[in-house]
Amino acid sequence: MTLLRVENLTRRFGGVVAVDEVSFGVETGEIVGLIGPNGAGKTTVINLLTGLLPPSSGQIEFAGQRLDSLAAHQIAAAGVARTYQNIRLFRGLSALDNVIVGTHLRTRAPFAARLAFVPAVRREEAAARESARALLGRVNLGGREAARATSLPYGEQRRLEIARALAAQPKLLLLDEPAAGMNPAEMDVLIQLIRSLRDEGQTILLIEHNMQVVMGVCDRIVVLSFGRKIAEGTPAEISRNKDVITAYLGEEE
Amino acid sequence: MPDINWSQQLLNGLFAGSAYALFAVGYTLIFGVLDILNLAHQAIYMLGAFCALVLVTGNVAGIGPLPGGLQLPFWLATVLAMLVSGLLGIVLDRMAFAPLRKRPDTHFSGMISSIAVALIFEALATALFLPQRSQFPTGTIPGGALTIGRGALPYSRVLVIVAALVLVVLLTVLLRFTKLGKAIRAVAENPKAARLLGINVEAIYSFSFFLSSALGGAAGIFYGLAVSRLDPTMGRTVELKGLAVIILGGMGSVPGAVLGGYLLGLTEVLSVALTNTSNYRDAIAFVLLFLILVLRPSGLLGARRVREA
Amino acid sequence: MIGESTRQLMAINALLALSIYLTLACGQLSLANAAFMGIGAYLGTVLTLNAGWPFWATILAAIIVPMAVAALVGWPSLRLRGVFLAIATLGLGEVLRVVIVNLKLTGGAEGISSISVKTQDWQLALALAVALYLTWRLRGSRMGYAFEAIREDETVARTMGINTTRYKLIAFVLGAALAGLAGVLKAHLFRTIAPGDYGFVQAVDILTFAVVGGSASFLGPVLGAFLLTILPELLRSNLLRGVANLQAGWQTLLLNGIILLLVILFLPNGLISLFTRQWRRPIPLASEQAPSEAT
C-alpha cells in the first residue's frame, strides 16, 4: 500500500531549481533510499516533506492526506518523523528528556489538569517516561538516560536522535544521513538497528551517502542528481545503472 | 486641513531624519559586522556629547574645571570627542563583547552585556555631570537660521544635516572603495573565510567598534547642540527609535539606516503637522516598526542573509 | 532587618521575575512585561479611583486585560525570532507610554499619586504562591517539555508535532497576567504611578532579575529579584550616611550594571547555578538570524 506519494515536487530558490519535478513513492513497510551526489537536492526534499519549506509546485500525499500545504507540526501529527543530517538533539537536555519530548504527539495531558494533580495526568506522564526508557533500550542506549545529550559519543547521539523520532510512533521515519561520520563499528550497529526497525514494520525513507548502508538495507532506491530524479529501482538495478554511475563519477573515460 | 508650511516641514524632517540616520548608521554597522545589537551605542552617543561639552566649556560639571584651563573651539572639541567615543567603543567591545565571542550561541548574552555597560556608563555620567540638563554655551555656533521658502532652520540644526551627510558619505566611501572597507565587508559576510584570506578579524572588529562609536558620539554632539540639551538619559529615546530605524531600513544595511532615518524623521514631522498635535509623535516609530516586522521583516533594503559562522 | 516595604517589593519583583521566566522558558526574550505591568497598574488605578470598583474586581481586570493585549500583540510578534521579538516588545512599552502620557484620565506625564492603599500582605503572598505553583508544575509537564524543546531548537520542535506558535503565545499571555497582577498590587501599595515607571528601565530591571538569578529553574528569577531588591536598600542605608550631595539614583544603576555584567561574563547561568548541578542552558538560544520564521 502506498504510504507516501510525491508528484512533480519542485522547489526553486530564486533562479536555482533545487528540486525539479521529482516523483516517487514509498510503500508501507519498505525502506527506500534517496541517494545522489552532493547538491542533488536530497535534504531539500526532506525539508519539503516535513514542512520546513513550502514547495514551489507539486504534491505530497501521505496516508490519504495532502501534506504540501500543512504546517510542520501538522505534518508531524500526520505521522512523519525525521532525524537531521548534522544531528539536532536538544543539547541542554538529557538523553531521556530528548526522547520524552518526542512523545508529545502521543500524550494529551492539558496543563490545567496538571495543576490540579489529576491522576490521569500522572499516569500518562509515567507512561510516556516508560516508553521513552524503552526506546532508549531499543537503540542500545539503555544506561545513558541521564547523560546530557551532547556528552554522548557521536554514534550514540545519532541513535538517540532516532529514538527521539521513534517516540512519536511515526508511520514514516525519515533518516537524513544517519551514517555520516560513523566508524565501521558504529555503522554496523546502525545497520542492525535499521534492519530491526524494518522487521517491526517501520516504513523508512533513508538519505545516505554511504553505499554500504544503502545497498545493505534498502528495498528500493531513488537517485537524484541536480534536483532531478535520474533513476529508481532495486539496489542491484541501481548499481548497474549507467546514468547513476555517470552522475557520481562524472563522464566515463 | 491645516495650512501646512511645506518648506518648514521639509527642513524639520530633514533635521530629524539626519539625527536618526547618523545615530542609526553606527548601530547598523555593528549589527552587520558582528551580528549583535549594541544597546550601549546610545550611552556612547551621550558620553560623546558630554565629552565635547566638557572640552568646549573647559569644565566638568560637578567636579571642576579642566586642568590648565583647557577650552577648545567647537570643531576641535568635536573631533576629539569623536575620537574619545571611538575609543570608548573599543573599551566597550573589550568589556562586553569580546569575552563572549569564544562562547557559542551567545546572541542574547552580547545584547544583555551591552545593556549592562550602558547602565554603567549612564550611572557614571550622572555621577560626573550634573543630572539636570546641560547645554552647549550660546555662541558655540553662530546664531541665525537658514531660510528656504517659507521655512527657516537654525544653523545649529542645519549643521546636523550637513554633518550627517558628510559623515555618511565618508563612511560609504570607506566601505566601498578602500581596502579597509572591503575587509570590513568581508568580515561582515563571512568571518571564517575572511580569516582564511589573511584578514585580521579581531582588528576589524575593534575598528568597527571604533567607527561605529565615533559616529554615535558625533550624532550625540550635533544633536545635543541643535536642541540645546544634554542629559545622561538623552540616549534612551533615541535608542529605541534607532532600533526602529535600523529594522525599517534592514539590519546591517548602512544605506538602509539612512533611508530609515529620513523616512522616520519626515513621517514624524508630517504626522505632527497634519494632526496638529505632537502628542503621539513618539509612537510613530513603533507603529512603523510593527508594520515592517509584520509585512517585511528583512526591512526595506535588507537582505538578511544567514550568517555563515 | 529587612523593612516591611522592602519585603513587599521583594514579593512584587518576584512576581515580575516569574512573568519573564515563563517567556524565557520557551526561548522568547520578551521585554513587554513592564508594559503589561503598566497596563495592570493604570487600569487598576482608574477602576478603583474613578469607577469605584471593589478591589477584587480590579485585580481580575488587571489580570485579564493585559492577557487580552498580549494575545493580540503576541500573535504577529511571536513569529519573530530572538532579538526582533525583544525589540518589538520594547516598542510595545513605548507605545503604551505615549498613550498613557496623553490621556487625561491617567494623569498625563505626572501620573497619579495618593492611590488608596488596598493591597494587603496576604494578597501579595497568595499571588506569589500561585505564580510559584504555576511555574513549579510546569517542569516535567507536557507543556513544560514543549517549552524546553522550543527553547532548545524551535525548528526541530515543530517537526516533532509541537505547535510552537501556540505555546509561545500561552507563555506570553500567562506572563502578561502575572505582570498585570504585579502592577495593580504595587500601585495600590506604593500609592503612586507614573508613565516612566513602566518603560525601558523597568523592562531591563525585570530582565536583570532573570539573568542574575538564572533562568534554568523557576527559582532563579525569584532569587535574582530578592537579591536585587535587597541590595539597593542596604546600599541606601549605608551610603547616604556619608556623601550628602550624591543622589541615590545613580548608585543603584551602577550596581545593577556591574552585577549584570559580572553575571553575564562569569556566571552566565545565573546565581542559581551555584546551588544546583543543572547544566541546562538558561539564556534563550537565538541561533537563527532571520527576523521571521521560515515557514
field: Top-ranked residue of the range A:39-62 - restricted to ones that are more than 17 Å from the chain's Cα centre (by Cα) and either touching a residue at least 60 places away in the same chain (Cβ under 8 Å) or closer than 18 Å to A:Gly233 by Cα (or both), ranked as farthest from the other protein chains (Cβ to nearest Cβ)
entry: A:Ala40
message: Just to verify a result, which residue in the range C:253-262, among those that are touching a residue at least 24 places away in the same chain (Cβ under 8 Å) and within 19 Å of the chain's Cα centre (by Cα), is surrounded by the fewest Cβ atoms within 10 Å (Cβ to Cβ)?
response: C:Ile259
- prompt: Is there a residue in the range B:130-139 that is loosely packed, with under 15 Cβ neighbours inside 10 Å, touching a residue at least 60 places away in the same chain (Cβ under 8 Å) and either over 20 Å from B:Phe222 (Cβ atoms) or in contact with a Gly (Cβ under 8 Å, 6 or more places away or on another chain) (or both)?
  reply: yes
- prompt: Within the range B:49-60, is even one residue β-branched (Val, Ile, Thr) and touching a strand residue (DSSP E or B) at 6+ places or on another chain (Cβ under 7 Å)?
  reply: yes
- prompt: Can you name the residue in the range C:161-204 that is at pLDDT 90 or above and in a loop (DSSP other than H, G, I, E, B) and is also farthest from C:Gly27 (Cα to Cα) among such residues?
  reply: C:Gly161
query: For the range A:47-103, how many residues are among the small types (Gly, Ala, Ser), closer than 30 Å to A:Arg129 by Cα and in a loop (DSSP other than H, G, I, E, B)?
result: 5
Selection from the range A:208-242 of residues that are assigned to a strand (DSSP E or B) and surrounded by fewer than 22 Cβ atoms within 10 Å (Cβ to Cβ): A:Arg220, A:Ser225, A:Arg228, A:Ile230, A:Ala231, A:Glu232, A:Gly233
message: Looking at B:Val33, B:Val54, can you tell me which residue is at pLDDT below 90 and in a helix (DSSP H, G or I)?
response: B:Val54
Residue within the range C:86-107 that is within 14 Å of chain A (Cβ to nearest Cβ), basic (Lys, Arg) and out of contact with any helix residue (DSSP H, G or I) (no Cβ under 7 Å at 6 or more places or on another chain) present: no
- request: Determine, yes or no, whether C:Gly214 is on the phi > 0 side of the Ramachandran plot and at the interface with another protein chain (Cβ under 8 Å from one of its Cβ atoms).
  value: no
query: Has the range C:168-188 got at least one residue that is buried (at least 22 other Cβ atoms within 10 Å of the Cβ), within 14 Å of chain A (Cβ to nearest Cβ), closer than 26 Å to C:Tyr133 by Cβ and more than 13 Å from the chain's Cα centre (by Cα)?
result: yes
message: If the requirement is being in contact with a helix residue (DSSP H, G or I) (Cβ under 6 Å, 6 or more places away or on another chain), closer than 23 Å to C:Ser141 by Cα and among the aliphatic types (A, V, I, L, M), which of these qualifies: C:Leu9, C:Leu29?
response: C:Leu29
- request: Being within 11 Å of chain C (Cβ to nearest Cβ) and either buried (at least 23 other Cβ atoms within 10 Å of the Cβ) or small (Gly, Ala, Ser) (or both) is the filter here, so list the residues in the range B:93-106 that pass it.
  value: B:Ala96, B:Phe97, B:Ala98
message: Which count do you get for residues in the range C:32-64 that are in a loop (DSSP other than H, G, I, E, B) and crowded, with 24+ Cβ neighbours inside 10 Å?
response: 1
- request: Could you list all residues from the range C:108-137 that are of a type in the set (A, V, I, L, M), away from every other protein chain (no Cβ under 14 Å), over 22 Å from the mean Cα position of the chain (by Cα) and surrounded by fewer than 17 Cβ atoms within 10 Å (Cβ to Cβ)?
  value: C:Val117
query: Is it true that some residue in the range A:146-166 is farther than 13 Å from A:Ile87 by Cα, modelled with pLDDT of 90 or more, crowded, with 21+ Cβ neighbours inside 10 Å and touching a Gly at 6+ places or on another chain (Cβ under 6 Å)?
result: no
task: Search the range C:152-166 for residues being closer than 21 Å to B:Phe108 by Cα and more than 8 Å from chain A (Cβ to nearest Cβ), and hand back the single one that is surrounded by the most Cβ atoms within 10 Å (Cβ to Cβ).
output: C:Glu154
- prompt: In the range A:169-181, which residues are surrounded by 24 or more Cβ atoms within 10 Å (Cβ to Cβ) and either hydroxyl-bearing (Ser, Thr, Tyr) or assigned to a loop (DSSP other than H, G, I, E, B) (or both)?
  reply: A:Pro178
- request: Please determine, by comparing only the residues of the range B:265-296 that are of a type in the set (Ser, Thr, Tyr) and under 21 Å from C:Ile100 (Cα atoms), which one is modelled with the highest pLDDT.
  value: B:Ser271
- line: Within the range C:104-160, of all residues that are in contact with a Leu (Cβ under 6 Å, 6 or more places away or on another chain) and of a type in the set (Ser, Thr, Tyr), the one nearest to C:Gly180 (Cα to Cα) is C:Thr119
- prompt: So is C:Gly140 at pLDDT 85 or above, more than 14 Å from chain B (Cβ to nearest Cβ) and not in a helix (DSSP H, G or I) or not?
  reply: yes
- request: Would you point out which residue out of B:Leu76, B:Leu53, B:Leu66 is over 21 Å from B:Leu171 (Cα atoms), surrounded by fewer than 24 Cβ atoms within 10 Å (Cβ to Cβ) and out of contact with any Pro (no Cβ under 6 Å at 6 or more places or on another chain)?
  value: B:Leu66
- request: Could you tell me whether the range A:151-164 includes any residue that is part of a helix (DSSP H, G or I), under 19 Å from A:Gly29 (Cα atoms) and touching a residue at least 12 places away in the same chain (Cβ under 8 Å)?
  value: yes
message: Looking only at the range A:85-105, filter to residues that are more than 7 Å from chain C (Cβ to nearest Cβ) and of a type in the set (Val, Ile, Thr); which one of those is farthest from B:Pro104 (Cα to Cα)?
response: A:Thr103
query: Under the condition of being under 23 Å from C:Val156 (Cα atoms) and not charged (D, E, K, R), which residue from the range A:11-30 is modelled with the lowest pLDDT?
result: A:Phe13
field: Filter result for C:Glu233 (charged (D, E, K, R), under 30 Å from A:Leu52 (Cβ atoms) and modelled with pLDDT under 80)
entry: no
query: If you check every pair at least six apart or on different chains, which have Cβ atoms under 7 Å apart with a residue in the range C:98-109 that is of a type outside the set (Phe, Trp, Tyr) first and a residue that is surrounded by fewer than 17 Cβ atoms within 10 Å (Cβ to Cβ) and part of a helix (DSSP H, G or I) second?
result: C:Val101/C:Gly108; C:Val101/C:Ala109
query: Applying the selection to the range A:106-121, what residues are assigned to a loop (DSSP other than H, G, I, E, B) and more than 7 Å from every other protein chain (Cβ to nearest Cβ)?
result: A:Arg108, A:Pro110, A:Ala116, A:Phe117, A:Val118
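The values are calculated or read from the model by the stated rules, or taken from the named source; none is laboratory data. What you see is a predicted model, and the numbers here were worked out from it, not measured in a lab. Neighbour counts are summed over all protein chains in view; Cβ atoms, including those assigned to glycine, are modelled from backbone coordinates with ideal geometry.
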